[in-house]
1. Any residue at all in region 78-86 that is touching a strand residue (DSSP E or B) at 6+ places or on another chain (Cβ under 7 Å), under 18 Å from residue 204 (Cα atoms), part of a helix (DSSP H, G or I) and at pLDDT 95 or above?
2. Taking the condition of being away from the ligand (no atom under 13 Å from the Cβ) and either in a strand (DSSP E or B) or free of Cβ contacts under 8 Å to residues at least 24 places away in the same chain (or both), how many residues in region 1-29 meet it?
3. Just for region 30-49: of the residues that are more than 11 Å from the ligand (Cβ to nearest atom) and crowded, with 16+ Cβ neighbours inside 10 Å, which one is farthest from residue 61 (Cα to Cα)?
4. Return the residues of region 84-95 that are surrounded by fewer than 14 Cβ atoms within 10 Å (Cβ to Cβ) and either in contact (Cβ under 8 Å) with a residue 40 or more places away in the chain or over 21 Å from residue 4 (Cβ atoms) (or both); say none if nothing qualifies.
5. Name the residue, out of 75, 98, that is over 16 Å from the mean Cα position of the chain (by Cα), in contact (Cβ under 8 Å) with a residue 60 or more places away in the chain and either surrounded by 14 or more Cβ atoms within 10 Å (Cβ to Cβ) or within 11 Å of the ligand (Cβ to nearest atom) (or both).
6. Among the residues that make up region 164-171, is at least one of them surrounded by fewer than 19 Cβ atoms within 10 Å (Cβ to Cβ), modelled with pLDDT of 95 or more and assigned to a helix (DSSP H, G or I)?
7. Which pairs have Cβ atoms under 7 Å, sit 6 or more apart or on different chains, and link a residue in region 53-70 that is at positive phi and modelled with pLDDT under 95 to one that is surrounded by 16 or more Cβ atoms within 10 Å (Cβ to Cβ) and in a loop (DSSP other than H, G, I, E, B)?
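The values are calculated or read from the model by the stated rules, or taken from the named source; none is laboratory data. Quick caveat, the model's predicted, so the values are computed rather than measured. With ideal geometry, Cβ positions are generated from the backbone for all residues, glycine too; neighbour counts draw on all protein chains shown.
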Ligand SMILES: N[C@@H](CCC(=O)N[C@@H](CS)C(=O)NCC(=O)O)C(=O)O
């Protein structure tokens with residue numbers, strides 16, 4: 001019998017951090033959360049920098065093994081902890097290749113090239129740091145919508161998920177980008193609407209949303225005078 005895994009996930013509060021929370025809930029894994037947030041200084045502490053020199057969240061510790069990059073964590077969990085009953089990754093070589101193609105497409109084209117560019121240059125996001133650029137934001141939103149045509153085709157004919165009738169971790173990556181786009185006011189493609197409605201009903205998704213909420217700030221107790 002394999003030992004119970006000792007899993008700790010660092011990070012809450014973003015479209016990236018929810019991905020590994022969700023994967024662990026889909027796989028029925030118990031884990032500890034270290035609820036550090038973005039832009040709080042918590043990724044820059046000496047303790048955290050020793051764990052993750054990239055100073056980013058999320059980060060997963062699995063015993064003495066650590067891994068960062070949300071999509072890599074989700075892929076690791078999918079490979080390591082899928083079972084016959086709960087699986088997030090296809091088995092055959094070709095299906096695995098198609099799954100990889102979706103994962104890279106979502107991370108490269110939807111997340112990094114589109115949504116993260118918007119985040120970097122929106123006035124209400126990181127624009128004050130990296131430069132407020134409305135034209136860049138508009139173009140990145142338009143590019144996102146163009147790229148979604150591939151998703152529209154994949155979800156045509158009432159197909160339930162990106163890989164057909166089985167939910168995989170590529171759906172975790174896609175959903176987080178669709179929710180992110182909606183939050184930024186970017187329209188999503190037609191077939192993604194019923195897809196999202198289906199996905200939002202998943203128990204593991206709802207648990208992940210709850211697990212990804214930052215803790216309420218602690219109100220300081222006034223000093224006694
Ligand atoms: N490509 C990385 C991006 C991770 C990332 O940029 N995380 C941000 C929050 S979404 C972060 O930790 N920024 C540093 C900070 O806020 O201190 C991933 O998908 O994990």
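1. no
2. Looking only at that region, the number is 5.
3. Selected residue: 35.
4. Quick first cut of region 84-95, residues surrounded by fewer than 14 Cβ atoms within 10 Å (Cβ to Cβ) only: 84-86, 91-94.
Within region 84-95, 86, 91, 92, 93, 94 qualify.
5. Details: 75 fails: over 16 Å from the mean Cα position of the chain (by Cα).
98 is the lone residue from the list that is over 16 Å from the mean Cα position of the chain (by Cα), in contact (Cβ under 8 Å) with a residue 60 or more places away in the chain and either surrounded by 14 or more Cβ atoms within 10 Å (Cβ to Cβ) or within 11 Å of the ligand (Cβ to nearest atom) (or both).
6. No, region 164-171 contains no residue that is surrounded by fewer than 19 Cβ atoms within 10 Å (Cβ to Cβ), modelled with pLDDT of 95 or more and assigned to a helix (DSSP H, G or I).
7. From residues that are at positive phi and modelled with pLDDT under 95, there are no pairs.
Rundown of residues vs (1) within 16 Å of the ligand (Cβ to nearest atom); (2) exposed (fewer than 14 other Cβ atoms within 10 Å of the Cβ); (3) within 15 Å of the chain's Cα centre (by Cα), yes/no style:
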| residue | (1), (2), (3) |
| --- | --- |
| 104 | yes, yes, yes |
| 113 | yes, no, no |
| 125 | yes, no, no |
| 128 | yes, yes, no |
| 131 | no, yes, no |
| 139 | no, no, no |
| 142 | no, yes, no |
| 148 | no, no, no |
